[in-house]
Amino acid sequence: MLYTVPVRQTICWLYACLREYLPSALPTHRTTTSIEQEEFFAMEVIIKENPEAMGKLAAELIAEVVRRKPKCVLGLATGSTPLPTYKELIRLHKNEGLDFSRVTTFNLDEYVGLVHEHDQSYHYFMWENLFKQINVNPKSVHVPDGMAKDIPAFCRWYEEQIVKAGGVDMQLLGIGSNGHIAFNEPGSSLGSRTRVKTLDDGTRQDNARFFKSMNEVPKYAITMGIGTIMDARQLILLANGAGKAEAIKQTCEGPITAMVPATVVQLHPKATIIVDKPAATKLTRDYPAEPRVLVLN
Ligand code: F6R
């Protein structure tokens, strides 16, 4: 015990000398992020012909993760955009044996105040459109609980579960016409974690198409934060239709700003944005139709 401080000082001194005079003798520490940056370097944008082709590519990228790491963690989204992706994942499961039995999932968001059985709750959506039709273990799926009594405690628990599961390997995202990702509306903190957000009027109007009247559209949602989303090892952001063209222009070619939350994806080391032609109409640069595999040595 008595020698702890001098011993530590000596080790530090030796380490400093080696770093100065013989750096090759020291192990090189490469973080996951630096390896991923070497593989992909940055965000890539891909323009596909239509939502079905987008869904096929997104599902293939997700399937690649599941095959490479059967015990992976997937982050999932709801809304109309990911439906062709889920359809293709179901096909890959049924026809090609894609195995979800060891996969864990975390959904991005859920409306506050809707019971799980409500046909517009994101719980219901996920079970109807994906979980029921693949072999995922029901105990391994997580959708935020919009009926939680203590929502802040629930949000902390949700973040802890993501960490406990080992972090999200692949996060699927849609985008709002106002540039939101999950329900992080314009102005959300770029470092935010899972919490309650008030939905913008525009978002409520966009989503009113799923409800009988505007009055029924929930005003609040539990959403993963932007910081939570950015922690995922890989992102796929999907957008289709002319209504998303301005948000996609800002996301791909605009300055990074909390007023268009999706622009933060530009900072992610491994992000793929897949859009259809109508959503790409305001882009000014040339983008490919297939992902490039960029290996930097
Ligand atoms: C839903 C979500 C939202 C939607 C977005 C686009 O889980 O995270 O951000 O992705 O509102 O919705 P759609 O796909 O219906 O246009």
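Can you list the helices (runs of 4 or more DSSP H) lying wholly within region 198-281 that have 1 or more residues being touching an Asp or Glu at 6+ places or on another chain (Cβ under 8 Å)? Don't jump to the end; show me each part of the working.
Working: elements: 201-207, 226-230, 245-253.
The qualifying helices (runs of 4 or more DSSP H) are 201-207, 226-230.
Scanning region 185-206 for residues being within 8 Å of the ligand (Cβ to nearest atom) and in contact (Cβ under 8 Å) with a residue 60 or more places away in the chain gives a total of 0. Residues in region 207-234 that are touching a residue at least 40 places away in the same chain (Cβ under 8 Å), hydroxyl-bearing (Ser, Thr, Tyr) and either within 11 Å of the ligand (Cβ to nearest atom) or more than 19 Å from residue 153 (Cα to Cα) (or both): 1 in all.
Return yes when residue 159 is part of a helix (DSSP H, G or I), at pLDDT 95 or above and more than 15 Å from the ligand (Cβ to nearest atom) and no when it is not. The answer is yes for residue 159.
Within region 148-173, how many residues turn out to be over 17 Å from residue 193 (Cβ atoms) and either surrounded by fewer than 17 Cβ atoms within 10 Å (Cβ to Cβ) or out of contact with any Leu (no Cβ under 9 Å at 6 or more places or on another chain) (or both)?
Residues of region 148-173 over 17 Å from residue 193 (Cβ atoms): 149, 166, 169-170, 172.
Then keep just the ones that are either surrounded by fewer than 17 Cβ atoms within 10 Å (Cβ to Cβ) or out of contact with any Leu (no Cβ under 9 Å at 6 or more places or on another chain) (or both); that gives 149, 166.
Result for region 148-173: 2.
Residue check: is residue 83 surrounded by 15 or more Cβ atoms within 10 Å (Cβ to Cβ) and under 15 Å from the mean Cα position of the chain (by Cα)? Considered against the rule, which asks whether it is surrounded by 15 or more Cβ atoms within 10 Å (Cβ to Cβ) and under 15 Å from the mean Cα position of the chain (by Cα), residue 83 comes out as no. Among residues of region 167-184 being in a loop (DSSP other than H, G, I, E, B) and in contact with a Gly (Cβ under 7 Å, 6 or more places away or on another chain), the one that is nearest to the ligand (Cβ to nearest atom) is 174. Taking region 101-119 as the search range and keeping residues that are among the aliphatic types (A, V, I, L, M) and under 13 Å from residue 197 (Cα atoms), which one is surrounded by the fewest Cβ atoms within 10 Å (Cβ to Cβ)? Per the stated criteria, the residue is 112.
The values are calculated or read from the model by the stated rules, or taken from the named source; none is laboratory data. This is a predicted model, so every value here is computed, not measured. Positions of Cβ are backbone-derived with ideal geometry, glycine not excepted, and every protein chain shown enters the neighbour counts.
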